[in-house]
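**Q** Take a look at this one; I'll ask things after.
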Amino acid sequence: MKKVLITGANKGIGLETARQLAQQGCHVYLGSRDFRKGEEAVAQLHQEGLTAVELVPIDISDPDSVAAAHAELDSRVQVLDVLINNAGISGGFPQPVFSMDMPKIREVFETNFFGTINVTQTFFNMLKKSEAPRIVNITSGLASLSLHNDPGWRYYKSKTAAYGPSKTALNAYTIALAYELRETPFRINAVDPGFTATDFNDYRGTNDIPTAAAFVVKYALLDEKGPSGGYFSYDNNPETGVSPW
């Protein structure tokens, strides 16, 4: 049974990803910054008969919380097969480049970039014990520099001072991470589940949550021949997933 940790999994795409992985026989550790909401999410899945789901309180922007989550998970299980870095914040929209407050920009990067790196480094010792470790860094189509320079792209006008750049940085880290582990069984990719209708975007997204989660699950459960160091987006190419950087 594969053991999976998903950060930010108490709602939206994260929760549905937990559901689908549990349905496929994985043991899911559901990460949630809010303890009560995490408990409610776990209870919901248990009511659906998905009992191989446990809560792990974790706020990825707080190093002490990440360390505590690692200690707690390490006391339950020695090996982690899949890490899905799903937790993230938008910083609110719109994000004009000259008037967005610097503290807010730093907050977005602290969670989406630095927080994700810290989680990855902290849980690496558990992942490397797996025979087939996988890391999925949840990114965005707004991270693509190539598409942002294409006036024909449907989201061309969706420029952001913090959110998109924080995910672009995460993409760059994904490349470096995959290269560092290129001669190991690790498969590490940046995955954009697409513009999905969730509270993250006030339900303006055009895709549904189950479809978005299924796209994430695909890369979480890659076999040994699967890609590593790639950028895959449901919106940009739902069939092959390949997205321009």
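The values are calculated or read from the model by the stated rules, or taken from the named source; none is laboratory data. Just so you know, these numbers come straight off a predicted model, no measurement behind them. Neighbour counts are summed over all protein chains in view; Cβ atoms, including those assigned to glycine, are modelled from backbone coordinates with ideal geometry. Protein only, heavy atoms only, side chains kept; ligands, DNA and RNA dropped before computing areas. Shrake-Rupley method; radii C 1.70, N 1.55, O 1.52, S 1.80 Å.
**Q** Tell me the strands (runs of 3 or more DSSP E) entirely within segment 1-105 that contain at least 1 residues that are among the small types (Gly, Ala, Ser) and either open to solvent by less than 70 Å² (accessible area, probe 1.4 Å) or modelled with pLDDT under 95 (or both).
**A** In segment 1-105, the matching strands (runs of 3 or more DSSP E) lie at 27-32.
**Q** Quick one: which of PHE124, PHE113 is closer than 23 Å to ASP81 by Cα, free of Cβ contacts under 8 Å to residues at least 12 places away in the same chain and hydrophobic (A, V, I, L, M, F, W, C)?
**A** PHE124
**Q** GLN44: more than 16 Å from the chain's Cα centre (by Cα) and touching a residue at least 60 places away in the same chain (Cβ under 8 Å), yes or no?
**A** Answer is no for this residue.
**Q** Only one of these conditions is not met by PRO244: (1) within 15 Å of the chain's Cα centre (by Cα); (2) more than 18 Å from ILE84 (Cα to Cα). Which number is it?
**A** The single condition PRO244 does not satisfy is (1).
Every residue, every condition in (1) over 20 Å from the mean Cα position of the chain (by Cα); (2) among the aliphatic types (A, V, I, L, M); (3) over 25 Å from LYS218 (Cα atoms), yes or no:
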position: GLY8; (1), (2), (3): no, no, no
position: ALA18; (1), (2), (3): no, yes, no
position: GLN24; (1), (2), (3): no, no, no
position: GLU40; (1), (2), (3): yes, no, yes
position: ILE58; (1), (2), (3): no, yes, no
position: ALA71; (1), (2), (3): yes, yes, yes
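**Q** Let me spell it out: the conditions are (1) more than 19 Å from the chain's Cα centre (by Cα); (2) among the hydroxyl-bearing types (Ser, Thr, Tyr); (3) open to solvent by less than 20 Å² (accessible area, probe 1.4 Å); (4) within 23 Å of PHE93 (Cβ to Cβ), and TYR155 meets all of them except one. Which number is the exception?
**A** Failed condition: (3).
**Q** For segment 176-202, which residues satisfy the criterion of being in a helix (DSSP H, G or I) and within 19 Å of LEU221 (Cα to Cα)?
**A** LEU177, ALA178
**Q** Might you let me know whether segment 197-208 holds any residue that is at pLDDT below 95 and within 14 Å of the chain's Cα centre (by Cα)?
**A** There is at least one residue in segment 197-208 that is at pLDDT below 95 and within 14 Å of the chain's Cα centre (by Cα).
**Q** Being in contact with a Lys or Arg (Cβ under 8 Å, 6 or more places away or on another chain) and open to solvent by 30 Å² or more (accessible area, probe 1.4 Å) is true for just one of THR139, THR122, THR184, THR168. Which residue is that?
**A** THR184
**Q** Could you list, in sequence order, the residues of segment 215-234 that are within 16 Å of LEU142 (Cα to Cα) and either free of Cβ contacts under 8 Å to residues at least 60 places away in the same chain or surrounded by fewer than 22 Cβ atoms within 10 Å (Cβ to Cβ) (or both)?
**A** Selection gives GLY230, PHE232, TYR234.
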